[in-house]
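Engineer: Dropping a structure here in structure tokens format, bear with me for questions.
The values are calculated or read from the model by the stated rules, or taken from the named source; none is laboratory data. Quick caveat, the model's predicted, so the values are computed rather than measured. Cβ sites come from the backbone with ideal geometry, for glycine too, and all protein chains shown count toward neighbours.
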Amino acid sequence: MINVGICGLGFMGMIHYLAYQKVRGAKVKAICEKIPERLAGDWRSIKGNFGPRGKKMNLAGIATYSELDKMLADPNIDMVDICLPPCAHAETAIAALKAGKHVLCEKPIALAVDDARRMVKTANQAGKMLMIAHVLPFFAAYRFALNTIQSKKYGRFLGGNFTRVISDPLWLKDFYDPNGCGGPMVDLHIHDAHFIRLICGMPKAVHSVGRMRGRVAEYFNTQFLCSDPSLVVTATSGVINQQGRPFTNGYEIHLQRATLLFESWTQTPVTVLTDDGRVRRPKFTSGTDETDDFAAELTEATKAVATGKPSKLLDGQLALDALILGQKQTESIVKRRPVRV
Ligand SMILES: NC(=O)c1ccc[n+]([C@@H]2O[C@H](COP(=O)([O-])OP(=O)(O)OC[C@H]3O[C@@H](n4cnc5c(N)ncnc54)[C@H](O)[C@@H]3O)[C@@H](O)[C@H]2O)c1
């Protein structure tokens, strides 16, 4: 059994807690949170943009800490699951790794590339796992795309376009603060940057055109220039100011003998167009609620710790590469030219 200590019991901490109830081989044994009511089990103030509302919980059998050091000194904890705001990821992860714990940390790995590099270096020095909870590859539509690309069932991957656009998240006060949420590049687009890095390797350069809001990119279009010059990979991400725009994500992925389509806004389910003219909509076994994809992600992390075999999808270096891409994309927008990665 892998014993988990969750650090930060806000929206994502709650989602992870609920998802762990479906994970075989892991148990939440401790929670570290600075808001006393949440530590006492009153989660009614927690809400996010999906999933259930917080309610009163029975935390019997779970050690509760208001200070990280005390949880890190708890010898019963094998893995620290960090669900803190991004500005706290680096120092918390480094402290946990130095205390001999494995770490699963919510995305983005960190706000600054140097901090993310320190996290990866500390994990290597400590001989502990640093996993970053990029959940996109565990969502059915993206898992299907990843498996289809990697299986080469329809031939070579030729490229694709990835979209992730939202209306202004007015309830997040520090969304555009480079030291808070970090803006749409590291909060939103990083999901696609991570997925693109996963399927294409590390691009050689990026060319982004976009609008800035203060020091962060608000809305942008990127071409990812890969070592294979025939790969055409693009992404559109960011915020538009009309509140009628719901959260929108999607892709159009080109393979030699098929095109894969998915778009949440137009309610286009995953669709496979093949070169015999057929249009197919694969069926997925849908889970009972939105925590199922997170349970799949946490199962992957649990298995990695239990077997000692690192997860390719949750790899810290992969998440660092996604952050580097985002930093280079912002640089490209500001300099108005392609930037080498
Ligand atoms: N994968 C996804 O789909 C997804 C969705 C939302 C958020 N996230 C990520 O999850 C992370 C957390 O976001 P959130 O929306 O849950 O934030 P949140 O503000 O709802 O929760 C953060 C919690 O951490 C607590 N906290 C802050 N500093 C602390 C400290 N020093 N010690 C103990 N507790 C402390 C806060 O009191 C709060 O309860 C972010 O990195 C975010 O990017 C991921």
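Engineer: Would you confirm, using the coordinates I've provided, whether Ala93 is under 19 Å from Ile324 (Cα atoms), within 11 Å of the ligand (Cβ to nearest atom), aliphatic (A, V, I, L, M) and not in a loop (DSSP other than H, G, I, E, B)?
Structural biologist: It is false that Ala93 is under 19 Å from Ile324 (Cα atoms), within 11 Å of the ligand (Cβ to nearest atom), aliphatic (A, V, I, L, M) and not in a loop (DSSP other than H, G, I, E, B).
Engineer: Has the range 108-120 got any residue that is within 9 Å of the ligand (Cβ to nearest atom) and touching a strand residue (DSSP E or B) at 6+ places or on another chain (Cβ under 9 Å)? Break it down stepwise before answering.
Structural biologist: Start the filter on the range 108-120 by keeping residues that are within 9 Å of the ligand (Cβ to nearest atom), which leaves 108.
From the residues that got through so far, the ones that are touching a strand residue (DSSP E or B) at 6+ places or on another chain (Cβ under 9 Å) too are 108.
Within the range 108-120 (the criterion being within 9 Å of the ligand (Cβ to nearest atom) and touching a strand residue (DSSP E or B) at 6+ places or on another chain (Cβ under 9 Å)), the answer is yes, since at least one residue qualifies.
Engineer: How many residues does the range 1-20 hold that are closer than 17 Å to Asp78 by Cα and more than 10 Å from the ligand (Cβ to nearest atom)?
Structural biologist: Result for the range 1-20: 7.
Engineer: Among the candidates Pro338, Pro246, which residue alone is modelled with pLDDT under 95 and closer than 24 Å to Glu218 by Cα?
Structural biologist: Matching residue, one of Pro338, Pro246: Pro246.
Engineer: Taking Val305 as meeting all but one of (1) crowded, with 17+ Cβ neighbours inside 10 Å; (2) more than 24 Å from Cys200 (Cα to Cα); (3) in contact with a Ser or Thr (Cβ under 8 Å, 6 or more places away or on another chain), write down the number of the exception.
Structural biologist: (3)
Engineer: If you go through the range 212-227, how many residues are surrounded by 14 or more Cβ atoms within 10 Å (Cβ to Cβ) and over 22 Å from the mean Cα position of the chain (by Cα)?
Structural biologist: 4
Engineer: Can you name the strands (runs of 3 or more DSSP E) wholly within the range 223-341 that have at least 2 residues being free of Cβ contacts under 8 Å to residues at least 60 places away in the same chain and assigned by TED's automatic domain parsing to the domain that holds Asp192?
Structural biologist: 258-263, 268-274
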